[in-house]
1. Name the long-range amide H neighbours of L145: under 5 Å, sequence gap of 5 or more, or other chain; modelled H, no Pro or chain starts.
2. Can you pull out the trypsin sites (Lys or Arg not before Pro) in the stretch 172-271 whose DSSP state is coil and whose Cβ has at most 12 other Cβ atoms within 10 Å?
3. So for the stretch 240-370, averaging the separation of alpha carbon pairs under 8 Å that are six or more residues apart and normalising by length, what relative contact order in percent results?
4. So for the stretch 161-353, averaging the separation of alpha carbon pairs under 8 Å that are six or more residues apart and normalising by length, what relative contact order in percent results?
5. If you wrap a convex hull around the alpha carbons of the stretch 228-307, what volume per residue comes out, as a whole number of Å³?
6. Would you list the P(r) distribution for the stretch 211-251, with all Cα-Cα distances sorted into 5 Å bins from 0 and each bin expressed as a whole %?
7. At 0.692 mPa s and 37 °C, plugging the Kirkwood radius over alpha-carbon pairs of the stretch 102-211 into Stokes-Einstein gives what diffusion coefficient in µm²/s?
8. If Lys and Arg each add +1 and Asp and Glu each add -1, what is the summed charge of the other residues whose beta carbon sits under 9 Å from the beta carbon of L115?
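Laboratory data are not the source of any read-out in this text; all were calculated from the coordinates shown. Keep in mind it's a predicted model, so treat the numbers as computed, not measured. Don't worry about glycine lacking a Cβ; one is built from the backbone with ideal geometry, like all the others, and counts go over all protein chains shown.
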Amino acid sequence: MDERDYEFDERLEFAATPPASRYTDARVLAEERLKVFGRTWQLAGRAEQVAEPGQYFTTEVGGEPVVVVRDAGGTLRALSNVCRHRAGPVAEGCGRRKSFQCGYHGWTYTLDGRLLGTPEFEGVERWSKEENGLPEFRAEEWGALVFVNLDAAAAPLAGTLGDLPALVGERDWASMRPAARKDWHLDCNWKVYVDNYLEGYHIPIVHPSLHRELDYARYRTETRGLSSIQHAPLRPAASRIRRPARADEDGAQFYWVFPNLMLNVYADNYSTNLVVPLGPERTLTVFEWYFRDPDAAGVRGKVAETVEFSDEIQLEDIRICEAVQRGLRSRTYERGRYSVRRENGVHHFHSLLAEFMRAQDRESSIVNRE
Ligand code: FES
Ligand SMILES: [Fe+2]
C-alpha cells in the first residue's frame, strides 16, 4: 500500500484519524491541491470589490493565479491571471479597468478574457488571437462573498452551501459591511487548523476565557453534506459575546464549508476565516469581520473589542496547533481515535477528505453530494 493511502472508517465509533504522514508530506499537499482545492468552491474575495463593471481583484485559488472581474456586460468572471504569451500577470492588485494589460510585454485582453492587442507579434505562424484568450474558471456570489471553482464540471455553489444561505440569511447577512481584516501565519498543516476548528472538545482546556462565555454542556455539532454547524449557546454570565435578540438563538454559530472556509456568526457581527495551505507545515489564515454600519459612532469600539477577543482565541489555537504539528512528527505517534460525543465534526471532515482524495477522475460524482 502506498503510504499516502489509508482506510477510512465511516463509522465514528470505529474510525481512526488519518495517518500522521498526511499532515507532513509535501506529496499529500500536492495531491490535495489538485483533488480538494482544485475541485471545491473556494472563497476568493468580497462582492463589493467587483460590484460594478470594470472592477476586478487578483487572488490565488488552490495555488492558481486568478483575476476576478465584473465585465462590461455585468457578468462576474474568474479568469486565469496568466498571460498566454510567456505567463506574465495580466492584472495586479485590485481596482477598475477597461481592459487588462500584461505586466511583461504589454499584451492586452478584454474584461471577458479575449486577446486584444499583441504588439510586434506579426509573422508568427500557426497561432491565432482567437485561440489565445484567458482560460476561465467558475465564479459565483453568495451574499458578501465571491467564490471560485477551478473545476469546470463542478456542481453550482448552491449544492455546496446547502441550507446555509437560508440559515445565515435569517440573521441579516445582507446588511453587514466589511469592518476589519487580519492575516496569521502558522507553522502547521492546514488540516491541523481545520481539525481544531471543528470541535469544541478543546475549549475547556485551550480557551478558558471562551469557556466562561459558552454553555459547554449544550455545545453541539451538526454535520451536513459539505458543511457543518457548531451551535454554541451562551452562559447566563457571558459578558464578552453579545446576546442574540431572540432567546432561542445560539450566542454563536460556527459554520464550516468543506474544505477550508469558516464563517463565525454572532448577534452583532460575522467573520469569515479562510485557511490557505502555503506548504505542508505552513498555513495562512485570513480573518475578515463584517458589522452593520462599521463606521458609525459606537460601532468602531465594538469592532476593536471583537477583534481583540478573536485574537486572544486565535493565539491560543495557534499555540496548540503548532504543538500538535510537532507531535505529528514524533516517532511515537501514528493515528488517534475520535470522541464520539465531541468529535463528529472532525470525523465528517476526514470522511469528505478521504472521498475527494480517492476520486481518480473528473467524472466522479463527489461534487454533487448533497
Ligand atoms: S508574458 Fe504577457 S505579454 Fe509577454
Ligand atoms: Fe479553538
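1. Residues meeting the criterion, in which the H sits 1.01 Å from N, are A47.
2. Details: sites: R181, K182, K191, R212, R218, R220, R224, R240, R242, R246; in loops: R224, R240, R242, R246.
Qualifying residues, ordered by number: R246.
3. Averaging sequence separation for qualifying contacts and normalising by length gives 13 percent for the stretch 240-370.
4. On the way: 312 pairs, mean separation 56.5, N = 193.
Relative contact order of the stretch 161-353: 29 percent.
5. Details: hull volume 9.5 nm³, N = 80.
Roughly 118 Å³ of hull volume per residue.
6. Using 5 Å bins, I get a P(r) of 6, 24, 27, 21, 13, 8, 2 for the stretch 211-251.
7. Answer, rounded: 167 µm²/s.
8. So the environment of L115 carries a net charge of +1.
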